[in-house]
Amino acid sequence: MQRDDASGPLRLPSPGKPPVTEISSSRHGHQRRRRPSGEPPPLPRELNRAAIGWLIAFVFWAAIWVWVFLSDRAGIWITEFDLRLMAPVVDNRVAWLDSVMSTINEFGTHWFVALIGWVTLLGALLARRIRHAVLLITTLALTAAAVTIVAAEIGRPRPLGMTRLGDWEGFAQPSRPVALLAAVMVACTLTLVPATGRTYAHWTTGIVLVIFGFAQVYTAVDHPTDVAAGASVGVALALVFYRTIAPEAVFPITYGSGKTAHLDVTGARGEAIRRGLRRQLAIEAIEIEPVGLEGSSGSTPLRVTAADGDVLFAKLYARSHLRSDRSYKLWRTLVYGRLEDEQHFTSVRRLVQQEDYMLHVMQRVGVPTAKPIGIVEITPDREYLLVAEFLDGAVEISDVEITEAMIDDALGIVEILWRSGLAHRDIKPSNIMVQDGQVKLIDVAFAQIRPSPWRQAVDLANMMLVLGLGSSPETVYERARLRFSDDELAEAFAASRGVTLPSQLRRAVRADGREMLQEYRALAPHRSPVSIQRWSFRRLALTGWVVLVAFFLGAVFISNLGDIGLR
Amino acid sequence: MKPRCDYGGLLRRTAIITGSIAAGLLAVACSVQETIPAPGCVDGASGLIMAQSVPTASQLPCFTQLPDGWKVVTVNVNQDRTVVTLDSDRAGDGAAVLRFEERCDVGEAVPAPGHLGSAQRYDLVVSAAPSFEGRRYYVFPGGCVWWAFDFDSGTSATEAVALAEALVLISREDLNASVRESFIDEEI
């Protein structure tokens, strides 16, 4: 099927003509096209070459283990090969090097893994990289499990006919300390080192492993193939786990002011965004740059400049945004209970669909907001770009002097939301823009249709707090009385308190210094605070479950500290 | 303010995450326990590594058939010693621990007629009732093997005798000869 344009009528292809995938043209003169079956998306999800290489090394060793397990002869050949390889080293030991190598063996076997492991774990927790912390533990656990299970099946003794100078434990193949050291060093790099410093970190890992591996052979604690197999297992497992579950492209390691939710839009992703915009929305982007990052924590907002001079607004959503939001929700659920009846987003696709839909709803009911343009799929189910009108020249309301007209505009928006049975649920300075003196509401991803009365009351209170920051509560309250009753205003501030304020608004109110909430409450008729604690069997069960899980995991973790090299 | 999640999803996800981590850690715990099989006298898989743990020892321990109710639960081997822990359905978990080391301090143990070739046996009864606790040492050139028994109350000390009879000492020369014959021309 073909379309004349994006919104035009359907037209069947002429008989005899080959099927085409281009389905529309746009005002930019480019062609929108459907992605044919088999064609990769703009940013395919794939392991990088290093991870694949180490995975192949792992498979190679797995094949060797199977061979040795099935054939005694294989074990003899490999042992003879190993002993021939290490004999020149062991037979030519020199006294001064013996103690050095023994020390390296002792340090690497007993201390190095624990030291790097704890530094990585604490660093990840301090940087709130819970996913990386969990991955570290899981990687070490599975590496330890893999090498101990294989070692038990292979049952290889330590090098025969040689005097051992170092510490060891259990069977030799694959080398457990080398595997754990490799895993923990790769995990440390991928948890704590930003992408720009990875090359040096990986070289450091390689050098440390070579030195430690040589010490293992020199002290006749391990055969050369024990060291090689151990390194392959540790590096492969760590790389594959981290690249799969916490890829740098989605969970970037950054320090300083950058929020973890913000994604790098240069490199492969930048190219993918350009390709996606061109193919899916027929927009030729010549510049893509982050915009307003300081006010955004749930997505990566972008300004896209098109070849024809148009400027567009785009928001990049990835799974990291879903997950950080989920953690926030879990915390809030445990602390406050079921404040309102809502469902979580189970996929990035649904989240971006919701925002696109809510932009349309807002347009329909007359809330001034950015016009939606479309959605670009970057990686199926994992990464999407929402494209909307760029509010050219608009500035955050906290950056302008607030006039009575703006106050009326802003309160009018809340009135429309109330009348239309909507709630924005994230009213804060960075989501209220002023363009040519007109107030506009943006970031409607978490807006809701038919919300609870409590939620609508909170929207009003938050809007009045934002307006009060740039003027005075008295002025805002007087203008609000023109649209809302005293009872409604009293309800708004009875429902509002610290937790109901988005964090940016909470910080702004605190920095302002005035007791703004109290001032509003003093202006409004007295009304008892609306309790935000909701107790239910479900909340108790969830709290119990979380405590139980934490206790169980803590107990299992502590009891296995030694086995995974952390003690 | 952002939307809340449903409880079912949270429970499911936390169950998956918990399960994954716990499975990984438990796999470690189990695999570590299974790392070294009990040192049998027929196949030498763990015998070689045990022999390497005390390179000076002229005699090496191994087990024939364990008495009913006894099982080896952990075998830890390193550059200093081998420690074998056994559970019993009557004497309790960890009721017997066998250690193989270069030397041991027999303390107040008294010499007793040995049944393991040239090894000198020493016995020490720490407590006979209400629960049996005792030591049995076999000392030989370059090494020592000793039992520590700590039974649950009500368990007869004859359990210790039956278990100790399952222990055999073989000579290092015999094991070396076996390695040369079936594996490679090297000493342990």
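Return yes when A:ARG538 is closer than 22 Å to A:HIS424 by Cα and within 11 Å of another protein chain (Cβ to nearest Cβ) and no when it is not. So A:ARG538 fails the test.
Could we say that B:ASP89 is in contact with a Lys or Arg (Cβ under 9 Å, 6 or more places away or on another chain) and closer than 13 Å to B:ALA164 by Cβ here?
So B:ASP89 fails the test.
In region A:133-147, which residue that is under 22 Å from the mean Cα position of the chain (by Cα) and facing chain B (nearest Cβ under 9 Å) is farthest from A:ALA179 (Cα to Cα)? Checking each candidate, the answer is A:VAL134. Among the residues of region A:288-347, those identified as modelled with pLDDT of 75 or more, under 30 Å from A:LEU542 (Cα atoms), hydrophobic (A, V, I, L, M, F, W, C) and crowded, with 17+ Cβ neighbours inside 10 Å are A:ALA318, A:LEU322, A:LEU330, A:PHE345. If you go through region B:128-142 and keep only what is among the small types (Gly, Ala, Ser), modelled with pLDDT of 90 or more and at negative phi, you end up with just B:GLY134.
Residues that are closer than 13 Å to B:PHE149 by Cβ and in contact with a Leu (Cβ under 7 Å, 6 or more places away or on another chain) within region B:99-116 comprise just one, B:ALA109.
Taking first residues from region B:110-136 that are part of a loop (DSSP other than H, G, I, E, B) and partners that are of a type in the set (Val, Ile, Thr), the Cβ contacts under 8 Å between residues at least 6 apart in sequence or on separate chains come to B:LEU116/B:VAL168; B:ALA119/B:VAL139; B:ALA119/B:VAL145; B:SER131/B:THR155; B:PHE132/B:VAL125; B:PHE132/B:THR155. So which residues in region B:22-67 are more than 14 Å from chain A (Cβ to nearest Cβ), at pLDDT below 90 and more than 20 Å from B:GLU181 (Cα to Cα), if there are any at all? Residues satisfying the conditions are B:PHE63, B:THR64, B:GLN65, B:LEU66. Could you say whether any residue in region A:399-418 is more than 11 Å from chain B (Cβ to nearest Cβ) and over 29 Å from A:ALA492 (Cβ atoms)? Looking through region A:399-418, none of the residues is more than 11 Å from chain B (Cβ to nearest Cβ) and over 29 Å from A:ALA492 (Cβ atoms). Looking across region A:415-426, just one residue is in contact (Cβ under 8 Å) with a residue 60 or more places away in the chain and within 20 Å of A:GLU478 (Cα to Cα), and that is A:GLU415.
Residues checked against (1) surrounded by 12 or more Cβ atoms within 10 Å (Cβ to Cβ); (2) in contact (Cβ under 8 Å) with a residue 24 or more places away in the chain:
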site	(1), (2)
A:ALA63	no, no
A:PHE69	yes, yes
A:TRP77	yes, no
A:PHE81	yes, yes
A:VAL90	yes, yes
A:ARG93	yes, yes
A:SER99	no, no
A:ASN105	yes, yes
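If you go through region A:460-495 and keep only what is touching a helix residue (DSSP H, G or I) at 6+ places or on another chain (Cβ under 8 Å), of a type outside the set (Gly, Ala, Ser) and more than 15 Å from A:LEU517 (Cβ to Cβ), you end up with A:THR475, A:ARG479, A:ARG481, A:LEU482, A:ARG483, A:PHE484, A:GLU488.
Summed over region B:162-188, residues that are assigned to a strand (DSSP E or B) and without any contact (Cβ under 8 Å) to a residue 12 or more places away in the chain total 0.
Contact annotation: residue pairs with Cβ atoms under 7 Å, 6 or more positions apart or on different chains, pairing a residue in region A:148-173 that is more than 7 Å from chain B (Cβ to nearest Cβ) with a partner that is assigned to a loop (DSSP other than H, G, I, E, B) and among the small types (Gly, Ala, Ser), are A:ARG156/A:ALA172; A:PRO159/A:ALA220; A:MET162/A:ALA220; A:THR163/A:ALA220; A:LEU165/A:ALA220.
Pairs linking a residue in region A:116-144 that is within 20 Å of A:SER320 (Cα to Cα) to a residue that is part of a helix (DSSP H, G or I) and among the charged types (D, E, K, R), with Cβ atoms under 9 Å and 6 or more positions apart or on different chains, are A:ALA124/A:ARG131; A:ARG131/A:ARG323.
In the set A:GLU478, A:GLU488, which member is acidic (Asp, Glu), out of contact with any His (no Cβ under 6 Å at 6 or more places or on another chain) and farther than 18 Å from A:VAL530 by Cα?
Numbers: A:GLU488 fails: farther than 18 Å from A:VAL530 by Cα.
On inspection, the qualifying residue turns out to be A:GLU478.
The set of residues in region A:462-499 being surrounded by fewer than 23 Cβ atoms within 10 Å (Cβ to Cβ) and within 14 Å of chain B (Cβ to nearest Cβ) consists of A:ARG497, A:GLY498, A:VAL499. Here are the criteria: (1) surrounded by 13 or more Cβ atoms within 10 Å (Cβ to Cβ); (2) out of contact with any Lys or Arg (no Cβ under 6 Å at 6 or more places or on another chain); (3) not in a strand (DSSP E or B). Tell me which single one B:ASP105 does not satisfy. Failing condition for B:ASP105: (1). Applying the set (1) part of a helix (DSSP H, G or I); (2) over 30 Å from A:LEU330 (Cα atoms) to A:HIS132 leaves exactly one unmet item: (2).
Close Cβ contacts (under 6 Å, 6 or more residues apart or on different chains) running from residues in region A:239-262 that are over 13 Å from A:ALA124 (Cα atoms) and assigned to a loop (DSSP other than H, G, I, E, B) to residues that are of a type in the set (A, V, I, L, M, F, W, C) and at pLDDT below 85 comprise A:HIS262/A:LEU293. Tell me yes or no: at least one residue of region A:507-517 is crowded, with 19+ Cβ neighbours inside 10 Å, touching a residue at least 60 places away in the same chain (Cβ under 8 Å) and under 20 Å from A:TYR336 (Cβ atoms). Looking through region A:507-517, none of the residues is crowded, with 19+ Cβ neighbours inside 10 Å, touching a residue at least 60 places away in the same chain (Cβ under 8 Å) and under 20 Å from A:TYR336 (Cβ atoms).
Selection within region B:58-89: residues that are in contact with a strand residue (DSSP E or B) (Cβ under 9 Å, 6 or more places away or on another chain) and in a loop (DSSP other than H, G, I, E, B). The member of this set that is farthest from B:LEU48 (Cα to Cα) is B:ASP89. The helices (runs of 4 or more DSSP H) located wholly in region A:477-567 that include 3 or more residues which are among the β-branched types (Val, Ile, Thr) occupy A:537-559.
The values are calculated or read from the model by the stated rules, or taken from the named source; none is laboratory data. All values derive from a computational prediction rather than experimental measurement. Here the Cβ is made from the backbone with ideal geometry for all residues, glycine too, and neighbour counts use every protein chain on show.
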